[in-house]
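A.B. asks: Dropping the structure in here first, questions after.
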Amino acid sequence: MTDTIQAGPRCGLYLVSAGIGDPDSITVKAQKILRGVDIVFGIPRLLEAFAELLSGKESHPAGHGLFSPLARRDTPEEEVEAMERRTRATIRAAAAAGKTVAVLDYGDAMIFGPQAGYLAEFADLNPIVVPGVSCFNAANAALGRDVTGGRRSRSVILAASADTRDDYGGTDTLDKLAATGSTLVFFTMRGDLPSLVERLARHLPGSTPIAIVAHAGADERQTVLRATLDTVLESTQDAKPPFEHLVYVGDFLG
Ligand SMILES: C[S@@+](CC[C@H](N)C(=O)[O-])C[C@H]1O[C@@H](n2cnc3c(N)ncnc32)[C@H](O)[C@@H]1O
């Protein structure tokens, strides 16, 4: 281990951002931490993308949403519990042996981050979150507009498109979000664009500008589509956007 990791209370676990899009959006600090740890957990795509940096380290699958209800959404409980047991045993054994562990996530791990459950599960290891570039940051850059610079508003709201559904139980319902006039940014997960547009159109004029940024931060694949609520579905020509896309709505785009 050549790099200094962290002064202060001993930390046994790091939740490290790998950045977004191209692998070179990882921060220098995140690289230092990753070089210094003994064991890395990550989804296969990230472990592969950073194979050189992680070479020689013990690596394990991080799962998706472990130690939280997210993992239980699409996977049977027994399967999730078995993976949590294995993960817990590996991390506890590492900590007992004085080793350090990193969980690698992409984007800002604190914005709809699937690996946040590790923080509560291993709170006694004094976990440290190492920040990184979110798809939100990369997509803002792709748009080249100040997202807090609406014609009549100066704020931005990050939301999940699934939480705009009529049966959503939160207090921040779509009609209330739309009424603020803030820039709205939707993390789409596996959401359906036509139904999001249909729900937005119930609360906003058809002339409202909308943009879809796909593969933000990936120089070769990044795309930006600009339209209005009235025209966006025609502009996408019914093509389903990839998993990696954000939807921006607001007059800052106009
Ligand atoms: C589980 S969230 C994770 C977001 C992550 N924590 C971040 O800060 O970038 C996944 C959603 O983020 C968005 N996303 C992830 N990568 C993206 C990219 N490269 N470009 C645009 N949107 C992306 C998509 O809406 C996707 O459904």
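Derivation of every value follows stated rules applied to the coordinates shown; laboratory data play no part. For clarity, every value in this text was computed on a predicted model and none was experimentally measured. FYI the Cβ positions are ideal-geometry reconstructions off the backbone, even for glycines, and counts take in every protein chain you see.
A.B. asks: So, restricting to helices (runs of 4 or more DSSP H) that lie completely within the range 77-150, which ones have at least 2 residues that are of a type in the set (S, T, Y)?
C.D. replies: Once the helices (runs of 4 or more DSSP H) in the range 77-150 are filtered for at least 2 residues that are of a type in the set (S, T, Y), what remains is 77-96.
Yes or no, residue by residue, for (1) over 24 Å from A178 (Cβ atoms); (2) buried (at least 16 other Cβ atoms within 10 Å of the Cβ):
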position	(1), (2)
I212	no, yes
G217	yes, yes
A227	no, yes
D230	no, no
T236	no, yes
K240	yes, no
F243	yes, no
L246	no, yes
F252	no, yes
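A.B. asks: Do you know which residues across the range 84-120 are under 22 Å from the mean Cα position of the chain (by Cα), free of Cβ contacts under 8 Å to residues at least 40 places away in the same chain and away from the ligand (no atom under 16 Å from the Cβ)?
C.D. replies: If the condition is that a residue be under 22 Å from the mean Cα position of the chain (by Cα), free of Cβ contacts under 8 Å to residues at least 40 places away in the same chain and away from the ligand (no atom under 16 Å from the Cβ), then E84 is the only one that fits.
A.B. asks: Sticking with this one: Which of the residues spanning the range 24-39 are within 16 Å of the ligand (Cβ to nearest atom) and surrounded by 16 or more Cβ atoms within 10 Å (Cβ to Cβ)?
C.D. replies: S25, I26, T27, A30
A.B. asks: Does L177 satisfy being away from the ligand (no atom under 16 Å from the Cβ), of a type outside the set (S, T, N, Q) and closer than 21 Å to F112 by Cα?
C.D. replies: yes
A.B. asks: Here's something else I'd like to know. Check whether at least one residue in the range 49-57 is outside any loop (DSSP other than H, G, I, E, B), charged (D, E, K, R) and farther than 21 Å from L119 by Cα, and report yes or no.
C.D. replies: No - not one qualifying residue is present in the range 49-57.
A.B. asks: I would also like to ask the following. Consider the range 191-211. How many of its residues are more than 15 Å from A141 (Cβ to Cβ) and outside any helix (DSSP H, G or I)?
C.D. replies: So the answer is 11.
A.B. asks: Somewhere in the range 232-253, is a residue of a type in the set (D, E), away from the ligand (no atom under 16 Å from the Cβ) and closer than 15 Å to L143 by Cβ?
C.D. replies: yes
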